[in-house]
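Notes to accompany the following structure.
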Amino acid sequence: MSDKLPDHVILLQGVFEEGFFDRFSGQPQDAIFILEGRPGLTAARSNGRALVKRKIQPTVLADNMAGFLFYKKRVKEVWMAYQSVYPEGAVCSIGAMILAVLAKKHRIAVYLFKGRPQPDLMAKEKEIFSFNGQRVSAAGTRGYVPLLEWVDKKYITKIYS
Amino acid sequence: MRRSKNRSIKESPLFWPVHWKGDVLSVLDETLIPRRLNYIKVHTTAEAVKVIRDMKTRAFGQFLVVLNTFLLEINRHKGSEQNLVKKLEKTARALNNSRPTFPFAEVTSIVVGWARKAADDQLNVRESLIKNINGYLQGIRFRRLERVKKIASLIKNRDSILTHCNVSGELAMAARICQEEGKDIHFFATETRPYFQGSKLTAWELGRMGASVTLIADNAVASVMADGLVNKVIVGSDRSCANGDFANKIGTYPIAVLAKEFGIPFYVLTQPSNTIPRGEDIPIEIRQEKELLTFNGRATLPFKARGFYPGFDVVPHEFITESLPIDVR
């Protein structure tokens, strides 16, 4: 991708249900950015496949790169996948809270949609020791790999159930 | 057990990753850590630019490569003093263009200034520069060691510190001092995609120094803050502005915003500069998408995707609790 960022990026975070992606017909192709979703890149794989199937080529970001788009004032909306909703907020995929806080700071809307079921709260620590089949950390390193986190309602604009 | 003031600090290999082996510059290849410690031999400016551009060395290592490349060219030079000055000006230009976000020109201009002044004053340019550059490096070394002690004093017993990317040895050495002082502390290191400086370098060197460290994915930073697992953030910086804004590895800005949201103090190691007025003025290097979409020679995703890889984040100064500066000017 060139250095030129689209002006109105839609950021997708978490793993959405297949049918969710039908809403993207008619969207400019270069405006949909998806986050990788460590440890297994499940979000990028699942969301990316669904978009490509609909002839939309998303732009992939590492999980730590969304802040740059907010700082450059290029984010139009944040769409996040949730696992369960409550009156006080929602349980979402890990990484959701980062976007929620950035969105609040930059006054960007956050919309939640039902995500694919993710039953595990934590992954095994070894999931963080490797990437794409290669060990990246030294032997003896400890890991902490939460897969879900709480997002308080004060960060959420609207939940689509 | 209190640490003696005169006792030397155990050094991390990342603290001073460039050495001389005879007439050849040896640069620690950080991309091979933690598998092995290997040094790349650098003989010319072109090779020095390559190790910087290919990110074989980064952060403070780059700074050392830049300064020592001048010594390399001085050692190699066979011609006149006037031609030496011209050669060093050419060397400076090549180094300045190696990575756009880094203020190499602030350092290369000092060296070129010394060379020109020595020539104007009809001094021996070679001898004058060797003395000045080595003296400058010694000064930086001393100031970094002083900052290591300051970091250690900032860290209190039972602190749990979040860090991002790698700060070239200083945090690990501070952790060692804290350990010797009997402080019970813990670190959370983000893995720092896409190059994994956190996994490969920070978790490795903290572990080597006997520190307690846990690796997390970049997407878990809010979780560890929200759950009260960290009470301090300490990061480095790659470039500073006159107003106190700074640039650091991508991922630093969200951490700063989150730290403020959760009331967690945010500390940054800086190199003050007045060259750039504000954060918005820092040129941010956008790296090739393949560096994000491939790893170990293989694609990370099973479909054709575009990638966007900004190398750095800018953090406005209002997010900083305290800066720990070293003046390199």
Report whether or not residue A:84 is of a type in the set (S, T, N, Q), closer than 24 Å to residue B:220 by Cβ and more than 7 Å from chain B (Cβ to nearest Cβ).
-> yes
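Which is of a type in the set (A, V, I, L, M) and either out of contact with any Ser or Thr (no Cβ under 8 Å at 6 or more places or on another chain) or outside any strand (DSSP E or B) (or both), of A:81, A:90, A:50? Steps first, please.
Details: A:81 fails: either out of contact with any Ser or Thr (no Cβ under 8 Å at 6 or more places or on another chain) or outside any strand (DSSP E or B) (or both); A:90 fails: either out of contact with any Ser or Thr (no Cβ under 8 Å at 6 or more places or on another chain) or outside any strand (DSSP E or B) (or both).
Just one listed residue meets the conditions, A:50.
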From (1) touching a helix residue (DSSP H, G or I) at 6+ places or on another chain (Cβ under 8 Å); (2) surrounded by fewer than 24 Cβ atoms within 10 Å (Cβ to Cβ), pick out the condition that doesn't hold for residue B:175.
-> (2)
Go through region B:300-320 and give me each residue that's more than 9 Å from chain A (Cβ to nearest Cβ) and either free of Cβ contacts under 8 Å to residues at least 60 places away in the same chain or in contact with a His (Cβ under 7 Å, 6 or more places away or on another chain) (or both).
-> B:318
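For region A:46-64, give me each residue that is facing chain B (nearest Cβ under 7 Å) and either touching a residue at least 24 places away in the same chain (Cβ under 8 Å) or surrounded by fewer than 21 Cβ atoms within 10 Å (Cβ to Cβ) (or both). Reasoning before the result, please.
Quick first cut of region A:46-64, residues facing chain B (nearest Cβ under 7 Å) only: A:48-49, A:52, A:57-64.
A:49, A:52, A:57, A:58, A:59, A:60, A:61, A:62, A:63 - these are the residues of region A:46-64 that are facing chain B (nearest Cβ under 7 Å) and either touching a residue at least 24 places away in the same chain (Cβ under 8 Å) or surrounded by fewer than 21 Cβ atoms within 10 Å (Cβ to Cβ) (or both).
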Residue selected from region B:178-212 under the condition among the acidic types (Asp, Glu) and surrounded by fewer than 23 Cβ atoms within 10 Å (Cβ to Cβ), by the criterion nearest to residue B:312 (Cα to Cα) | B:184
Number of positions in region B:197-217 that are within 19 Å of the chain's Cα centre (by Cα) and under 14 Å from residue A:127 (Cα atoms) = 1
Inspect all residues belonging to region B:249-262 and state whether any of them is touching a residue at least 24 places away in the same chain (Cβ under 8 Å), within 11 Å of another protein chain (Cβ to nearest Cβ), within 30 Å of residue A:134 (Cα to Cα) and among the hydroxyl-bearing types (Ser, Thr, Tyr).
-> yes
Residue that is farthest from residue A:126 (Cα to Cα), among those in region B:178-196 that are touching a helix residue (DSSP H, G or I) at 6+ places or on another chain (Cβ under 6 Å) and of a type outside the set (Val, Ile, Thr) = B:178
Criterion (over 19 Å from residue B:221 (Cβ atoms), out of contact with any strand residue (DSSP E or B) (no Cβ under 9 Å at 6 or more places or on another chain), in contact (Cβ under 8 Å) with a residue 12 or more places away in the chain and within 13 Å of chain B (Cβ to nearest Cβ)) met by exactly one of A:73, A:4 = A:73
Give the residues of region B:175-189 that are out of contact with any strand residue (DSSP E or B) (no Cβ under 6 Å at 6 or more places or on another chain) and either of a type in the set (Ser, Thr, Tyr) or within 22 Å of residue B:228 (Cα to Cα) (or both), sorted by residue number.
-> B:175, B:178, B:183, B:184, B:185
Keeping to region B:280-299, report how many residues are more than 7 Å from chain A (Cβ to nearest Cβ) and free of Cβ contacts under 8 Å to residues at least 40 places away in the same chain.
-> 7
Across region B:8-36, which residue is modelled with the lowest pLDDT among those that are part of a loop (DSSP other than H, G, I, E, B) and more than 18 Å from the chain's Cα centre (by Cα)?
-> B:8
Tally, over region A:131-149, of residues that are under 23 Å from residue B:229 (Cβ atoms) and either more than 7 Å from every other protein chain (Cβ to nearest Cβ) or among the small types (Gly, Ala, Ser) (or both) = 6
Return only the number of the condition from (1) outside any loop (DSSP other than H, G, I, E, B); (2) of a type outside the set (D, E, K, R); (3) within 28 Å of residue B:319 (Cα to Cα) that residue A:37 does not satisfy.
-> (1)
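The values are calculated or read from the model by the stated rules, or taken from the named source; none is laboratory data. Everything numeric in this text was worked out from a predicted model, so none of it was measured. Neighbour counts run over all protein chains shown; Cβ positions are idealised from the backbone, glycine included.
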